[in-house]
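Enquirer: Have a look at this one.
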Amino acid sequence: MNNFRVDASTFASIKQDLVDRMKANPAFQDYDFLGSRLSSLMDVLAYNTLYSQAYSNAALMESFQSTAQNRNSIVLKAQELGYKPAGRLSASTELNITISSGASLDRYTTFEGVHPDGTTYNFVNWDQSSFISSAGFNDTIDIVQGELRYKQFTWVDNTTRLLVRDGSIDRTRIRLTINDIDYLEADNSARVGATDLVFYTRETIDGFTEIYFGEGVIETRTGQEDIDRYIGGLKPINNDIIKIEYLSCRGASANGATDFTLTGSTTPTTTVTINNPTVVSSTGADKETKERIKTLAPKMNMAQNRAVTADDYQVLVLQEYGSYIDSILAWGDESRPGFAFISIKPTDGLSLPQSVKTSIEKFLSKYNILTVQALVIDPDYMFIDHDIEVDYRIDQLKTNEGGLEDGVLTAINSYYNANVEEFKSSFHVSKLLSFIDSSNTAILGSSAVIKMIKELASIIDSDGVKTFNNPIKLRGITSNDILFTSLDTGTGSYPIRLLSTDDGKIVAGPFTVPDISSGINQYQNPELFDGGDDGIWYDVGVVDYVLGDFKYDMSAIFSDLISGDQFELGIVVLKAIPTETDIYTKNGQLIAFEDELRPQYTQITLEGIS
């Protein structure tokens with residue numbers, strides 16, 4: 001059997017190779033290997049060869065990050081590169097609490113939230129909150145979802161392993177004490193001091209969590225033999241008592257919980273009022289996926305635990321918070337030196353809670369070099385208004401029109417997920433239509449008319465120059481109706497709008513005669529926009545049709561007849577007609593599709609053809 005080669009990968013083909021090899025030997029020419037007892041021997045040899053082949057192939061493939069398939073292999077290789085894969089994360093939210101006296105809300109006070117599907121989730125106050133009289137016994141607290149669990153160990157001769165065999169642990173919320181002295185998790189092992197009381201965490205091969213300490217090796221400096229220090233932080237000594245408190249959480253399934261109630265008690269007992277019980281929990285996440293780990297681990301190795309380049313900032317944030325980040329972009333701005341801007345779209349919703357943004361900024365401060373400050377900001381969202389027409393064969397439709405429309409919406413969502421909802425991505429009508437056309441065999445063709453949409457928080461002003469970042473057609477900008485309340489009681493309230501003009505102005509109107517602002521900024525060229533001949537229009541802003549930039553400021557028309565209090569509070573929705581069917585983004589911009597939250601931005605017309 002010397003130099004026997006097996007190129008086959010199935011049992012039958014391997015067995016046939018063995019038989020052919022044996023038959024080639026003149027001593028066995030008369031043997032019937034398949035019809036005799038030797039067939040059983042061939043089976044054993046074939047099975048053994050197949051097993052060895054499969055095992056060797058798997059062992060080789062699992063030894064490399066790029067080819068590994070098992071999560072434990074991927075995790076272990078990532079940790080060798082200095083990347084700590086994210087585990088399950090607790091959902092959280094902010095509650096505004098009023099207490100009738102100067103009591104404190106103890107750590108681990110319990111709350112309860114109800115998910116829209118009827119599931120009840122337990123939340124806790126992870127940190128103690130004190131209410132002072134100067135604040136009216138009112139404060140905002142962070143609560144996180146999870147059940148509090150405890151573990152205790154006794155350290156014995158450096159042989160003790162601190163294993164937490166709980167797959168639902170939130171590794172970012174662990175409290176550890178040694179002999180009742182607090183230890184903190186090391187954020188950046190490269191910057192652990194000589195006597196820092198720190199611990200580390202890692203995922204084990206079976207998917208659980210191990211807590212460990214620095215090596216505890218004494219380093220003696222040449223020429224300074226009397227000065228010793230511990231490398232990586234202090235390690236426990238024999239018979240130390242180690243106590244661990246952690247949260248066992250439900251991950252992403254607890255996102256969306258609301259209707260919060262207090263189930264615990266205060267010290268001393270007092271009346272507690274939750275002023276915003278209908279807030280919604282978010283930022284819960286499940287374990288980091290294998291694909292994300294394989295992508296980020298090599299980048300983390302290149303970052304070397306410091307934040308210098310944009311990729312460094314992105315991978316550091318993704319390692320710590322990546323389980324609930326859908327897309328991230330970091331960049332610098334020459335007009336604002338000294339700042340690193342990080343824009344994040346969460347997996348749930350459109351904006352991270354402010355507490356999470358602050359936490360990320362604090363986390364990054366440990367990795368910054370020089371005098372660079374990280375600022376976490378919301379993405380500059382742009383939405384697309386789609387007016388879609390779909391032609392289909394009636395006799396080929398295997399469902400009703402409702403099912404066809406649902407399929408079209410699913411295709412739109414698939415297109416955005418695959419191509420658009422990432423920073424530095426673009427939107428293309430032709431690609432969108434290809435997704436729609438392939439969603440149902442009965443569809444003959446489709447067309448779409450689009451508009452770009454910006455949502456602005458203030459009716460009074462745009463907060464500086466904003467941009468669609470794409471060329472706009474003349475007269476292409478219109479807003480939603482904004483309710484204005486006249487000081488003239490006979491006139492009452494009526495809607496006004498923002499429109500753009502041929503000469504690059506943004507005008508507001510139409511106002512009625514009783515609300516003439518003494519001629520201030522009154523626009524006199526009604527033929528240059530589509531506002532009609534009735535009412536009074538005021539010049540409140542400018543637009544650059546080539547660049548897509550715009551700004552407005554209603555305070556330009558304030559007078560004794562018009563003030564900010566007369567405008568209805570709410571979001572200004574500006575729609576702009578692009579000159580092209582391809583929409584592009586720049587730093588911090590992201591095109592989003594949120595049909596559940598904004599169904600009004602998608603209109604579908606079905607046209608049946610017999």
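Enquirer: Can you give the local net charge around Thr120? Use residues other than it whose beta-carbon is closer than 12 angstrom to its beta-carbon, Lys and Arg +1, Asp and Glu -1.
Expert: Computed value for this residue: -2.
Enquirer: Quote the FRET efficiency, to the nearest 0.05, computed for Lys473 versus Asp380 with a Förster distance R0 of 22 Å and r equal to the Cβ-Cβ distance.
Expert: It comes out at approximately 0.55.
Enquirer: Next question, about the same structure. How much of the accessible area of the chain, probe 1.4 Å, is carbon plus sulfur, in whole percent?
Expert: Exposed carbon and sulfur together represent 49 percent of the surface.
Enquirer: What are the semi-axes of the equivalent ellipsoid for the stretch 362-454, taken as the square roots of 5 times the Cα gyration tensor eigenvalues, largest first, in whole Å?
Expert: Here the semi-axes work out to 41, 13, 10 Å.
Enquirer: Which of Lys287/Lys357; Lys84/Lys299; Lys473/Lys551 have a Cα-Cα distance over 18 Å?
Expert: Those over the limit are Lys287/Lys357.
Enquirer: Between Ser493 and Glu596, what is the spin-label point distance in nm, taking each point 7 Å from the Cα along the Cα→C-beta axis?
Expert: For Ser493 paired with Glu596, the spin-label model returns 3.1 nm.
Enquirer: Additional query: Using semi-axes √(5λ) of the Cα gyration tensor in Å as the read-out, say which of (i) 55, 41, 24; (ii) 71, 25, 23; (iii) 35, 32, 24 was calculated from these coordinates.
Expert: Given (i) 55, 41, 24; (ii) 71, 25, 23; (iii) 35, 32, 24, the structure-derived one carries the label (i).
Enquirer: How long is the gain from Leu41 to Ile609 if the chain were fully straight, where each residue apart is worth 0.36 nm and the alpha carbon distance is subtracted? Don't skip to the answer; put the middle values down first.
Expert: Numbers: separation 568, 0.36 × 568 = 204.48 nm, distance 6.74 nm.
Gain on extension, Leu41 to Ile609, equals 197.7 nm.
Enquirer: Taking the solvent-accessible surface of protein heavy atoms with a 1.4 Å probe, what is the per residue accessible area of the chain in Å²?
Expert: I get 50 Å² per residue for the chain.
Enquirer: Quickly rank 340-346, 78-84, 497-503, 566-572 as a protection proxy: mean count of other C-beta atoms within 10 Å, highest first.
Expert: 340-346, 497-503, 78-84, 566-572
Enquirer: Among 40-51, 272-283, how do they line up from the highest to the lowest mean number of other beta-carbon atoms within 10 Å?
Expert: In decreasing order of mean packing, 40-51, 272-283 become 272-283, 40-51.
Enquirer: Would you please state which residues of the stretch 89-119 a label at Asp182 would reach in this model, taking the label point 7 Å out along Cα→Cβ and a backbone N cut-off of under 14 Å?
Expert: 107-108
Enquirer: Put a dot 7 Å past each Cα toward the Cβ at Asp311 and Gln16; how far apart are the dots in nm?
Expert: 4.8 nm
Enquirer: Tell me the Kirkwood radius of the stretch 525-579: reciprocal of the mean inverse pair distance over distinct alpha-carbon atoms, in Å.
Expert: Details: mean 1/r = 0.0726 Å⁻¹.
With all distinct Cα pairs of the stretch 525-579 included, I get 13.8 Å.
Enquirer: Taking a label point 7 Å from the Cα of Asp582 along the Cα→Cβ vector, which residues of the stretch 378-394 have an amide N closer than 19 Å to it?
Expert: Counting backbone N atoms under 19 Å from the label point, the list is 384.
Enquirer: Report the FRET efficiency, 1/(1 + (r/R0)^6), for Tyr200 and Asn25, where r is their Cβ-Cβ distance and R0 is 56 Å, rounded to 0.05. If you can, show how the numbers build up before the last one.
Expert: Working: r = 60 Å, r/R0 = 1.08.
The formula returns an efficiency of 0.40 here.
Enquirer: Net charge around Gly476, counting only other residues with Cβ within less than 9 Å of its Cβ (Lys, Arg = +1; Asp, Glu = -1)?
Expert: Within the 9 Å Cβ shell, the charges total +4.
Enquirer: Another one. Apply the a/c threshold of 1.5 to the C-alpha gyration tensor of the stretch 476-521 and tell me whether it is rounded, prolate or oblate.
Expert: Judged from the Cα gyration tensor, the stretch 476-521 comes out oblate (a/c at least 1.5, b/c at or above a/b).
Enquirer: Still on this structure, please answer the following. What is the distance, in nm, between label points placed 7 Å from the Cα along the Cα-to-Cβ direction at Asp544 and at Glu245?
Expert: Placing both labels 7 Å along Cα→Cβ, they lie 5.5 nm apart.
Enquirer: Related question: Any lysines with Cα under 29 Å of the Lys15 Cα? List them, leaving off those in the same chain fewer than 8 positions away.
Expert: Answer for Lys15, where 29 Å is the Cα cut-off: Lys23, listed by chain and number.
Enquirer: Here's something else I'd like to know. Could you please report the charge total around Glu203, scoring K, R as +1 and D, E as -1 over all other residues with beta-carbon less than 15 angstrom from its beta-carbon?
Expert: Value of the local net charge: +3.
Enquirer: Sticking with this structure for a sec: Need one number: convex hull volume per residue for the stretch 291-371, Cα atoms only, in Å³.
Expert: Dividing the Cα hull volume of the stretch 291-371 by its residue count gives 94 Å³.
The values are calculated or read from the model by the stated rules, or taken from the named source; none is laboratory data. These figures come from a predicted structure and were not determined experimentally. Neighbour counts are summed over all protein chains in view; Cβ atoms, including those assigned to glycine, are modelled from backbone coordinates with ideal geometry. The protein model used for the area step is the full one, side chains on, heavy atoms only, and it has no ligands, DNA or RNA in it. Shrake-Rupley method; radii C 1.70, N 1.55, O 1.52, S 1.80 Å.
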